[in-house]
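Novice: Here you go, one structure.
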Amino acid sequence: MHVEITDSHCHLDFPDFAEELPQVIDRAVAAGVTRMVTICTKLRSEPEVRAIAEAHAPVFYAAGTHPMSVASEPMARADDLIALAQHPKFVGIGETGLDYHYTSESAEAQQASLRTHIAAARQTGLPLIIHARDADDDMARILTEEYRNGAYTCVMHCFSSGAGLARAALELGFYLSMSGIAAFPRSQELRDIFAATPRERILVETDAPYLAPPPYRGRRNEPAYTVHTAQRGAETMGMDWPDFAEQTQANFDRLFTKVAAYEGQG
C-alpha cells in the first residue's frame, strides 16, 4: 500500500539544499511525501522561496519574519503579508512567534511582530505558523487575547513546548505539528503530550534541514524523512501507520484549505 503524507514545514531555500534541490524533492515524492510547505523566514527572501514553489508542483510556501530575525529585519506589515497571500501557492502566514531562548532581548518587538502576523492570518483566512521556544506563558496569553479579538487558524510548528501551551492552543482549535524531536529517545514527555492530543489536530513536518529523526539524527534533514517521524507518531497515537497518515492528510487539508483548493483545480 502506498502511504501518502505531507511535510507541513521545511526550508527548501536554505543553502543546505542548493546543490541538489530537485533530487531532494524527488526523494520526498518517492517516499510518499506528496506535498511540502517551504517556509520563508525573512520577507526579503520571499521571491526566492516563491520561485521554488512555482518551479516544483509538490511545493507550496508561506512567508513571515521569524522571531529570531525580528531585531535585524524590517518590521513586517500586515498589508504586505496580505498582498503576498494573493499568490495561488502562498498558503500560510509565518513562521512567526516568540523565541526567548536566544533572543529574549527583542521580546517586545517579537510580540509586536506576532500580533501583526495574526492580523494578516485573520484577514486572509490563512493559517498562522507559530514558532515557540521558552516563551510558553506569553505565547498562550497573546494567542488567546488575539483570538478573542477575532478568530483565526493556527499550527504550533515543531511543537516541543509544555503541556500548558498545548492545552491553550488546542482549546483555541489550533493544531500541533510533530517534528523529528518527537521521535528522539528522550522525548517521552513530549510524546505523552501528543498522545493526549485529539488525533484530528496533529500534523507532521521535518523543519528540514534541521532536526532529522532517527535513524538520520545529526545529519541534514530532508522532506523524505517525514515518514520516520510520522511512523513514530502513529505508534505514539496507538494507530496503524496508514490510518495515521490518512488522518494527518485530512488534518492538513482542513487547516491548509488553499492547498486542497489548488489541488482540486488540477
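The values are calculated or read from the model by the stated rules, or taken from the named source; none is laboratory data. Not measured: the values here are computed from a predicted model. Cβ placement follows ideal geometry from the backbone for every residue including glycine, while neighbour counts extend to all protein chains displayed. Note: areas computed on protein heavy atoms with side chains; ligands, DNA, RNA excluded. Shrake-Rupley method; radii C 1.70, N 1.55, O 1.52, S 1.80 Å.
Novice: Does the range 168-190 contain at least one residue that is touching an Asp or Glu at 6+ places or on another chain (Cβ under 8 Å), open to solvent by less than 20 Å² (accessible area, probe 1.4 Å) and assigned to a loop (DSSP other than H, G, I, E, B)?
Specialist: yes
Novice: Additional query: Please determine whether any residue of the range 139-157 is open to solvent by 10 Å² or more (accessible area, probe 1.4 Å), touching a Pro at 6+ places or on another chain (Cβ under 8 Å) and in a helix (DSSP H, G or I).
Specialist: Checked against the condition, which is being open to solvent by 10 Å² or more (accessible area, probe 1.4 Å), touching a Pro at 6+ places or on another chain (Cβ under 8 Å) and in a helix (DSSP H, G or I), the range 139-157 yields no hits at all.
Novice: Which condition breaks for Pro242 when tested against (1) open to solvent by less than 60 Å² (accessible area, probe 1.4 Å); (2) part of a helix (DSSP H, G or I); (3) touching a Phe, Trp or Tyr at 6+ places or on another chain (Cβ under 6 Å)?
Specialist: Against the list (1) open to solvent by less than 60 Å² (accessible area, probe 1.4 Å); (2) part of a helix (DSSP H, G or I); (3) touching a Phe, Trp or Tyr at 6+ places or on another chain (Cβ under 6 Å), Pro242 comes up short only on (3).
Novice: Given the residues Thr103, Thr96, which is the only one that is open to solvent by less than 30 Å² (accessible area, probe 1.4 Å) and over 19 Å from the mean Cα position of the chain (by Cα)?
Specialist: Thr103
Novice: Only residues in the range 215-227 that are closer than 11 Å to Phe17 by Cα count as the first member; pair them with residues that are open to solvent by 40 Å² or more (accessible area, probe 1.4 Å) and in a loop (DSSP other than H, G, I, E, B), Cβ under 7 angstrom, at least 6 apart or cross-chain, and list the lot.
Specialist: Asn221/Tyr210; Asn221/Leu211
Novice: Can Asp207 be described as in a helix (DSSP H, G or I), open to solvent by 10 Å² or more (accessible area, probe 1.4 Å) and within 14 Å of Met36 (Cα to Cα)?
Specialist: Answer is no for this residue.
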